[in-house]
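J.: Mind having a look at this structure? Questions to follow.
The values are calculated or read from the model by the stated rules, or taken from the named source; none is laboratory data. Predicted model only: the values in this text are computed from it and were never measured. Note that each Cβ is placed from the backbone with ideal geometry, even for glycine, and that neighbours are counted across all protein chains shown.
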Amino acid sequence: MSIPVKIENMVSAITLDQEIDLPKFVKKVKGVEYNPNKFPGAIFRVREPKLAMLIFSSGKVICTGARSKKDISAAVDHLKKKLKEGGVKIKKEPIVEVQNIVASSDVGMKVNLDTIAMQCWNTEYEPEQFPGLVYRLDDPKTVMLIFRSGRMIITGAKDPKNIKQAAEKTREMIQSYDAVIE
């Protein structure tokens with residue numbers, strides 16, 4: 001039985017390979033927030049798909065809020081239009097690299113977190129501090145937050161297929177340690 005996973009956020013780095021004069025750029029465009037006394041980058045929010053981009057003078061852009069690679073492509077298109085509107089001529093096609101994917105899932109069973117914490121070496125569990133167990137996988141390199149309810153947060157993946165793989169491996173681990181609550 002396959003575990004359902006839902007991508008909540010894909011954070012990507014977009015490299016323009018050129019510097020941007022942010023004060024000059026933000027004077028020419030609408031809908032971009034810029035307060036260099038509070039934050040060194042400009043904030044460009046997009047409504048559809050709903051995401052935000054942090055634009056830095058170095059030409060680096062961090063895109064957050066995307067839920068798919070299609071959303072990231074749409075973000076790059078919005079960014080190119082906004083830069084053009086602000087008088088920035090893009091010399092090369094932007095380089096896009098997914099940095100982190102955050103997803104949610106459910107293993108479909110209640111989990112005895114104490115059993116896993118005592119038997120599995122790559123875990124952290126401090127129920128007085130946080131109700132979830134932190135489980136680190138080496139392959140795919142991800143971090144799972146597992147809750148007693150069976151719900152999970154998966155983070156650290158750079159490819160959507162790794163999310164599903166991590167969820168499946170986590171369910172197998174729970175079952176192998178006989179940590180299922182009936």
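J.: Looking at GLY86, is it more than 30 Å from PHE56 (Cβ to Cβ) and either of a type in the set (Gly, Ala, Ser) or surrounded by fewer than 20 Cβ atoms within 10 Å (Cβ to Cβ) (or both)?
T.: no
J.: Could you grab me the full set of residues in the stretch 8-57 that are at positive phi and without any contact (Cβ under 8 Å) to a residue 60 or more places away in the chain?
T.: Correct list: GLY31 only.
J.: Could you please let me know if SER73 is at pLDDT 95 or above and under 19 Å from ILE7 (Cβ atoms)?
T.: yes
J.: Can I ask one more? Check the stretch 130-145 and report whether any residue there is of a type in the set (S, T, N, Q) and in contact with a strand residue (DSSP E or B) (Cβ under 7 Å, 6 or more places away or on another chain).
T.: Yes, there is a match, as at least one residue in the stretch 130-145 is of a type in the set (S, T, N, Q) and in contact with a strand residue (DSSP E or B) (Cβ under 7 Å, 6 or more places away or on another chain).
J.: Okay, next question. Touching a strand residue (DSSP E or B) at 6+ places or on another chain (Cβ under 7 Å), surrounded by 16 or more Cβ atoms within 10 Å (Cβ to Cβ) and among the hydrophobic types (A, V, I, L, M, F, W, C): which single residue out of ALA66, ALA52 fits that description?
T.: Among ALA66, ALA52, only ALA66 is touching a strand residue (DSSP E or B) at 6+ places or on another chain (Cβ under 7 Å), surrounded by 16 or more Cβ atoms within 10 Å (Cβ to Cβ) and among the hydrophobic types (A, V, I, L, M, F, W, C).
J.: Answer with yes or no whether MET173 is at pLDDT 95 or above, out of contact with any Asp or Glu (no Cβ under 8 Å at 6 or more places or on another chain), surrounded by 18 or more Cβ atoms within 10 Å (Cβ to Cβ) and over 17 Å from VAL102 (Cα atoms).
T.: Considered against the rule, which asks whether it is at pLDDT 95 or above, out of contact with any Asp or Glu (no Cβ under 8 Å at 6 or more places or on another chain), surrounded by 18 or more Cβ atoms within 10 Å (Cβ to Cβ) and over 17 Å from VAL102 (Cα atoms), MET173 comes out as yes.
J.: What number goes with the only condition from (1) in a loop (DSSP other than H, G, I, E, B); (2) in contact with a helix residue (DSSP H, G or I) (Cβ under 9 Å, 6 or more places away or on another chain) that MET144 does not pass?
T.: (1)
J.: If you don't mind, there's one more thing I want to ask. Restricting attention to the stretch 116-126, report how many residues are surrounded by fewer than 17 Cβ atoms within 10 Å (Cβ to Cβ) and either small (Gly, Ala, Ser) or assigned to a strand (DSSP E or B) (or both).
T.: 1
J.: Still on this structure, please answer the following. Check whether at least one residue in the stretch 73-81 is among the hydroxyl-bearing types (Ser, Thr, Tyr), surrounded by fewer than 19 Cβ atoms within 10 Å (Cβ to Cβ) and in contact with a helix residue (DSSP H, G or I) (Cβ under 7 Å, 6 or more places away or on another chain), and report yes or no.
T.: no
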